[in-house]
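**Q** Quick one: the structure is below, and I'll ask about it shortly.
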Amino acid sequence: MNRRDFIRNVGCGAMGSTTLLSTLANLGVVNGAMANKSFHNAPPDDYKAIVCVLLAGGMDSYNMLIPNGTGSGGDNGFANYQTVRGGLALQDVNALHNLNILEHVGVRGVTNAYDSFAVHTQMPELQQLFDAGNLAFMSNIGTLVEPLANEADYDNDLKKKPLGIYSHSDQIQQWQTSVPQSRDSLGFGGRIADLLHAGNDNVNLSMNISLGGKNIFQRGKEVSEYAIRNNINANNVGFEGLPGGWSNSGYMTQLRNQAVDNLVAETYRNALHTAYGVNTQSSIAAFETFKKALLKVPSFTTSFPQTGLAEDLFAVSRVMSIRNELGVKRQIFFVTYGGWDMHDNLIASLNGRLPVVSQALKAFYDSTVELGIADKVTTITISDFGRTLTSNGTGTQQGSDHAWGGNSIVMGGSVNGRKIYGGYPQMEIETNARNISNRGNFIPAVSTDELYAELALWYGVSPSDLCYALPNIGNFYSYSAGNYPLGLMNMSGGISTVDQPQNCLTY
Amino acid sequence: MRLTLPLAILFALNSCFAQKTETFGLGHVGNVSVTASSNSPNGIKTLTLDGFLPNHNSASRFLSQATLGPRPAEIENVTVIGEEAWMNQQLALPNSFSTEAYIRSIAQQVADTLNLQDPNREEPYTVENLNLNHDYFDIAWFQGSMTSPDRLRWRMAFALSEIFVASRISSFDNNPYALASYYDVLLEHSLGNYRDLLEAVTFHPTMAVYLTYMNNHAEGIVGGNHVFPDENYAREVMQLFSIGLFELNTDGTEKQDVNGNPIPTYDNDDIGGLAKVFTGLSWHNSDYLGDNTSNEQAYTHPLKFFPIDSSDAYRRPWRSEPDIVDGHDRGPKTFLGQTIPARDPSLGLQDFQDAIDVIFNHPNVGPFICKQLIQRMVTSNPSPSYVQRVAEVFNNNGSGVRGDFKAVLQAILLDREARVIEERNERYSGMLREPFVRYTNLVNALNLTSSIGVYRNDMDEVYEQMGQRPLQSPSVFNFFQTSYTPDGELAEQGKVAPEFQILNSITLTGYLNALAEWLIDNDPIDYYWYGGDTVYKEDEVPEFDFSGDYLFASNKNLPILLDKYNMLLAHGSISETNINHIKTAIEAMPDIYDSNGEIDEIDARRRVALTLFLIMSSPEYIINR
């Protein structure tokens, strides 16, 4: 036996039954047999995805969705808007993109203060999506523990309020958890994954995929995110091989990977060792699955702009395109696009960022049409908070400060679009009962819970499991047949009656 | 690597101790077996008056906590002089390096080359008019960390940069001076006093911009707008830099009210009260409060105090009676149960001193800050008694001084819980090494050396692959939060493991791919082109020199190589089982000898590189304990 044969034999023996792939296969069988297959009998095209776009920093959304009535029919919103926003207001009402609104949908007795609305001059794509019925706005939505009607409610110590209103760290977290009375909560996306992940055929791969690294939104008790980069393809997932110039490079790469596998698969007495080992193993398992599946990504005719946000969303489309290869029927994606904390230079900064959002969302929607899953994908934007109506300075330096309720986007083929849900505030500081400061900070008319409950029911969370997904939901909504939190989603596919074992959460 | 042969043989003999879970080294530890602590072929090693001298593994472990990565010669030194003597030497060393000054020296070089290129330029380039990118800070940081003898200070400064967080992911995102000047403050006070640090941070423009109290204004009507003091710094200075959210016992555990609930340290009224203090500060060269005409280098000067706001006189000079209003808030300021009395704004600087004193003297500061320092250097889950011992030293260094970082560092690093892993703590001891610290480990353990003593390294790979580099955290909440715990046993047991927050599929594979670049490709430095006519200087981009290890890369000598790097990188913590996993892979490679019996340097280098790669992939290396 020459030396090379010897090496090969030793190597193969060592790899034997503990190779990564066989381990994976075994895991798959075991988990598959034990998993609660809630979608097991579902048709193969039963796929649903939620895409959460975090606009980190607190977007000034009162310059995204703008009342543009100019007096006819008593709706004089644009004058209100210009007066209160002063130097922060867009000046040319005709340059805004008027929305062809089908309906204003109030929530718990509060409705939009105006009839006519437009989107910012730099967001024509949003207007197209809206007018085509594939996009809706939430107006004055924000974090709430329970409904607060006015300043007296806000000042009432018996009413529960979010921790750290106006604080980035608290509000950005609470938009992701929807548990604003706690700094120690799982995320909404993580909790619905806890409920539903067992229904995916391949439970080795997290159903929560992040383009934004670790995040709270996707963190559940049993599921947390699998992070990818937006340039993901079959060649750059996982470990790079050893250089081609090495003797037996491919074989040595296998041996190296085997050694890494062995190191992380050992049994350790120290819990941190174990935690690191488990993390590494699941990452390796996931990227092996991913690598194979990514070979099947089709070419897209939809073209995406060359912005970070668009590239992130394009990666989401590519991953959704291989949902069958990945063996998943439910996925939740998380994308972040930051830079919205515009304490100064707001007009120019928004001119830079709003078109990025508008164009990226349009391309993403078009790609879901191309994949034939436009009605199976719902995209929401979230942000830390709305911003003050009034300005904090003069000239080009002026911007707005941290506030509370704001406006957000819901997009997808199953969205009952061309509607604005919520209670867009009267843009007056003195007379608006929901205003709680002389800067124009509004108590939200709609809670994140109501938006998320609507999404959860559409997504396949049963009404009785809502209290796990959204611990505060009982303060806003209780289910009865045909009665939905907002009427935002097309529920014609029916809602799930399969209850998962998780108990209600309380904080 | 230029280790001598006898030393390497010593490691080989030491291999039988590789699996020992107890680590020895400090004399006042009771009930230890003297023979087991020895790595000498003759059995018992030196016994000094205050205890045992550490063996190589113990010294390596100590230095893995006390520095950003032990170097071979340092380990040798600690085995000879002991940990306490090393600490005393380090604590006596002056601050030896300024990242700001280093950046200025590079800027001068760049300006010179540009002026040589264009000698007739109307306005010649100078350090002052040259705008530099943020990478210059990273280059300066790396230069300082590789060349400064005060290594304990550098370890402490990095820990402080993760508590007093300011990050380039902000409006000074491309300004090396903002980063360097701030980091220099951390370096300066790392072996000083907490209160001085808190004051220096408060008056630093980098923090003022980062947490938005630059040009912060007393409550009042300005330009027709009712403005309020920005609350950002008031909130974060309490939540993150000093006392935390809940009242603590000296041992770091949370106090509880009669219902068993934690007791908040402050509420929104406290924040509002404290926010009034942080008003009236602007750039050193501002003409008035609200002036924002500063340049890149204005970040290198402490803030200037403006009791009044005369901006209207500057902005609307045509007005005969400009609006002159208070810049600094004149009212009383109540927070944390104390009230700073109303004062004329002209006396407002005293408000800052008073407020910093109130915070500094809050009983939470000791346990809150000390526990985090322990977590950054030693272990994620220190016992309450360990936190208590250190916090008591923070409260009083023995000479009645509160906040003495030198005493705190001695208390942290020489504590028995840092020096010895006891059986009962074994399951949750240790910490995940931060990705960035793994990188500094590597370049130090392998003695990366520039022949001219100058490095040009913006450390881009470590950031690109793992998202960590000094002063580049995503938010004021650092790269990871101290309360983070991964799912599973740690969470169930109420333990934390903060660094796991940045361990995900990207950073995990990114780490292994970065290791491949650094070791397999032997490319440990990310060269940054300065611009102008500066030329590529190969000497500034050293590679690792593996040649001293070639002999040990043969199948026969492989145990020597493994022991050596197990000691240098993992202080011998990698188990025999895992050493065998690594050995199996390396032995499958072509042995180092060619057909003439000479060492094939390419094969030998590959073996060494892959050995190091696998050691640094082992969970026993990744978890430092």
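**Q** Describe numerically, in nm with one decimal, the distance between label points set 7 Å from Cα along Cα→Cβ at A:Ala348 and at B:Val80.
**A** 6.1 nm
**Q** Could you pull the Cα extents of region A:115-267 along its three principal axes, largest to smallest, in whole Å?
**A** 75, 44, 31
**Q** Over all residues in B:476-488, what is the mean tally of Cβ atoms on other chains that come within 10 Å of each residue's Cβ?
**A** Partner Cβ neighbours, averaged per residue: 3.
**Q** So for chain B, considering every pair of alpha-carbon atoms, how many percent are separated by more than 46 Å? Please report the intermediate quantities before stating the final value.
**A** Working: 43404 of 195000 pairs.
So the pairs more than 46 Å apart make up 22 percent of the total in chain B.
**Q** Let me ask another. Report the accessible area of A:Tyr507, computed with a 1.4 Å probe over the heavy atoms of all protein chains in place, in Å² rounded to the nearest 10.
**A** Approximately 100 Å² for this residue.
**Q** Please list the non-local residues whose amide H lies under 5 Å from the amide H of A:Ala227, H modeled 1.01 Å from N, same-chain partners needing a gap of 5 or more.
**A** A:Ser210, B:Ser505, B:Ile506
**Q** For chain A, what relative contact order do you get, as a whole percent, if you take Cα pairs closer than 8 Å and at least 6 residues apart?
**A** Taking the mean separation of contacting Cα pairs over the length of chain A, I get 27 percent.
**Q** Show me the GluC sites (Glu not before Pro) within region B:93-141 that DSSP assigns to loop and that have at most 10 other Cβ atoms within 10 Å of their Cβ.
**A** Counting only loop positions with at most 10 other Cβ atoms within 10 Å, the GluC sites (Glu not before Pro) in region B:93-141 are B:Glu122.
**Q** Another one. Mind checking the dipole of chain A: about its Cα centre, +1 per Lys or Arg Cβ, -1 per Asp or Glu Cβ, Debye to the nearest 20?
**A** Details: 33 positive and 42 negative charges, 318 e Å.
Around 1520 debye, computed over chain A.
**Q** Then there is this: Per the Cauchy relation, a quarter of the hull surface: what is the mean projected area of the convex hull of the alpha carbons in region B:240-313, in nm²?
**A** The Cα convex hull of region B:240-313, projected and averaged over all directions, gives 7.8 nm².
**Q** Rg and Dmax of region B:531-579, using alpha carbons, in Å: what are they?
**A** 17.3, 54
**Q** While we're on this one: Output the Cα-based Rg and Dmax of region B:356-504 in Å, rounding Rg to one decimal and Dmax to a whole number.
**A** Values for region B:356-504 (Cα only, Rg and Dmax): 17.7, 52 Å.
**Q** Relative contact order, percent, of chain B when contacts are C-alpha pairs under 8 Å separated by at least 6 residues?
**A** Working: 1093 pairs, mean separation 109.1, N = 625.
Relative contact order comes out at 17 percent.
**Q** A further question on this structure: In nm, to one decimal, how far is the modelled label at A:Glu146 from the one at B:Leu347, with both set 7 Å along Cα→Cβ?
**A** 4.6 nm
**Q** Here's another thing I want to ask about it. Can you tell which of A:Asn100, A:Ile141, A:Pro124 lies farthest toward the positive end of the dipole of region A:64-170, using +1 and -1 charges on the Cβ of basic and acidic side chains (Lys, Arg; Asp, Glu)?
**A** The Cα lying farthest towards the positive end belongs to A:Ile141.
**Q** Moving on. Place +1 on the Cβ of every Lys and Arg and -1 on the Cβ of every Asp and Glu in the protein assembly as shown, take the dipole about the Cα centre, and give the residue among A:Asn235, A:Ser400, B:Gln388 whose Cα lies farthest towards its positive end.
**A** A:Asn235
**Q** Projected area of region A:352-507, taken from the Cα convex hull and averaged over every viewing direction, in nm²?
**A** 12.0 nm²
**Q** Could you tell me the distance between the Cα centroids of region A:340-357 and region B:272-287, to the nearest Å?
**A** 26 Å
**Q** Please compute the modelled spin-label separation between B:Asp287 and B:Val454, points set 7 Å along Cα→Cβ, answer in nm with one decimal.
**A** Each label point lies 7 Å from its Cα, and together they span 4.1 nm.
**Q** Counting only other residues whose beta carbon sits under 14 Å from that of B:Leu186, what net charge do I get with K and R as +1, D and E as -1?
**A** -4
**Q** Still on this model: Cα extents of region B:85-188 along the three principal axes, largest first, in whole Å?
**A** 57, 30, 16
**Q** Report the antiparallel proportion of the DSSP beta bridges in the protein assembly as shown as a percent, rounded to a multiple of 5.
**A** 60 percent
**Q** Let me ask another. Note the full-extension length gain between B:Thr339 and B:Gln493 as 0.36 nm times their separation in residues minus their Cα-Cα distance, in nm to one decimal.
**A** Length gained between B:Thr339 and B:Gln493: 51.4 nm.
**Q** Starting from the Cα gyration tensor of region B:486-620, take the square roots of the eigenvalues, sort them a ≥ b ≥ c, and report rounded, prolate or oblate (rounded when a/c is under 1.5, otherwise prolate if a/b is larger than b/c, else oblate).
**A** The shape class here is oblate.
**Q** Just to verify a number: FRET efficiency for B:Asn555 and A:Gln82, C-beta to C-beta distance, R0 = 60 Å, to 0.05?
**A** 0.15
**Q** For region A:266-384, what ratio Rg/Rh do Cα atoms give with a Kirkwood hydrodynamic radius?
**A** Using only Cα positions, Rg/Rh for region A:266-384 is 1.09.
**Q** Can you list the residues, at least 5 places off or on another chain, whose amide H is less than 5 Å from the amide H of A:Leu99, using H built in the peptide plane?
**A** When sequence neighbours closer than 5 places are left aside, the close amide H contacts are A:Phe117, A:Ala118, A:Val119.
**Q** Taking 8 Å as the Cα distance limit and 6 or more residues as the minimum spacing, I'd like the relative contact order of region B:547-624 as a percentage.
**A** RCO, region B:547-624: 41 percent.
**Q** Oh, and also: From the P(r) of region B:547-624, can you give the percent of Cα pairs sitting at distances over 14 Å?
**A** That fraction is 55 percent.
**Q** Of B:Ile374, B:Tyr530, B:Ser181, which is farthest on the positive side of the dipole of chain B, counting Cα position, with +1 on Lys and Arg Cβ, -1 on Asp and Glu Cβ, and the Cα centre as origin?
**A** It is B:Ile374.
**Q** Okay, moving on. Residues of region A:349-372 with the amide nitrogen closer than 19 Å to a label point 7 Å from the Cα of A:Thr301, along Cα-to-Cβ, please.
**A** Within reach of a label on A:Thr301: A:362-372.
**Q** Determine the shielding of peptide B:229-236 by partner chains: average, over its residues, the number of Cβ atoms on other chains within 10 angstrom of each Cβ.
**A** That works out to 3 on average.
**Q** Under the Kirkwood approximation applied to all pairs of distinct alpha-carbon atoms, what is the hydrodynamic radius of region A:419-507 in Å?
**A** 14.7 Å
**Q** Another question about this same structure. What are the extents of the Cα atoms of region B:460-557 along their three principal axes, in Å, largest first?
**A** The Cα atoms of region B:460-557 stretch 52, 51, 18 Å along their principal axes.
**Q** Dipole of region B:231-345, Cα-centred, from +1 at each Lys and Arg C-beta and -1 at each Asp and Glu C-beta, to the nearest 20 debye?
**A** Rounded to the nearest 20 debye, it is 300 debye.
**Q** What is the calculated FRET efficiency for B:Thr126 to B:Asp173, with r their C-beta to C-beta distance and R₀ = 25 Å, to the nearest 0.05?
**A** Step by step, r from the Cβ atoms, then E = 0.60.
**Q** Straight-line reach from A:Lys419: which lysines have a Cα under 24 Å away, not including same-chain ones fewer than 8 places off?
**A** Straight-distance partners of A:Lys419: A:Lys48, A:Lys362, A:Lys376.
**Q** Sticking with this structure for a sec: For region B:303-349, what Kirkwood radius comes out of the mean inverse Cα-Cα distance, in Å? Before the final figure, lay out each step's value.
**A** On the way: mean 1/r = 0.0820 Å⁻¹.
Hydrodynamic radius (Kirkwood, Cα only) of region B:303-349 equals 12.2 Å.
**Q** Taking the Cα centre as origin and putting +1 on Lys and Arg beta-carbons and -1 on Asp and Glu beta-carbons, what dipole magnitude results for the protein assembly as shown, to the nearest 20 debye?
**A** Details: 77 positive and 124 negative charges, 486 e Å.
Dipole size: approximately 2340 debye.
**Q** For region B:267-345, which trypsin sites (Lys or Arg not before Pro) are in a loop by DSSP, counting at most 12 other Cβ atoms within 10 Å?
**A** B:Arg319
**Q** In nm², what is the average projected area of the convex hull enclosing the Cα atoms of region A:177-310? Intermediate values should be presented prior to the final figure.
**A** Numbers: hull surface 48.3 nm².
Its average projected convex-hull area is 12.1 nm².
**Q** Hey, could you get me the Stokes-Einstein D for the protein assembly as shown, Kirkwood radius over alpha-carbon pairs, 20 °C and 1.002 mPa s, rounded to whole µm² s⁻¹?
**A** 68 µm²/s
**Q** Another question, then. Can you tell me what percent of all Cα-Cα pairs in chain A are more than 31 Å apart?
**A** Roughly 47 percent, once rounded to a whole number.
**Q** Rounded to the nearest Å, what's the spacing between the alpha carbon centres of region B:561-625 and region B:367-390? Just the number, please.
**A** 34 Å
**Q** Now a separate question. In whole angstrom, how long is each semi-axis of the equivalent ellipsoid of region B:381-422, when you take the square root of 5 times every eigenvalue of its Cα gyration tensor and sort them from largest down?
**A** For region B:381-422, the ellipsoid semi-axes come out as 19, 10, 7 Å.
The values are calculated or read from the model by the stated rules, or taken from the named source; none is laboratory data. Here the structure is a predicted model, which means the values were calculated and not measured. Virtual Cβ from ideal backbone geometry, glycine too; neighbours counted across all protein chains shown. For accessibility, only protein heavy atoms count, side chains too; no ligands or nucleic acids. Shrake-Rupley method; radii C 1.70, N 1.55, O 1.52, S 1.80 Å.
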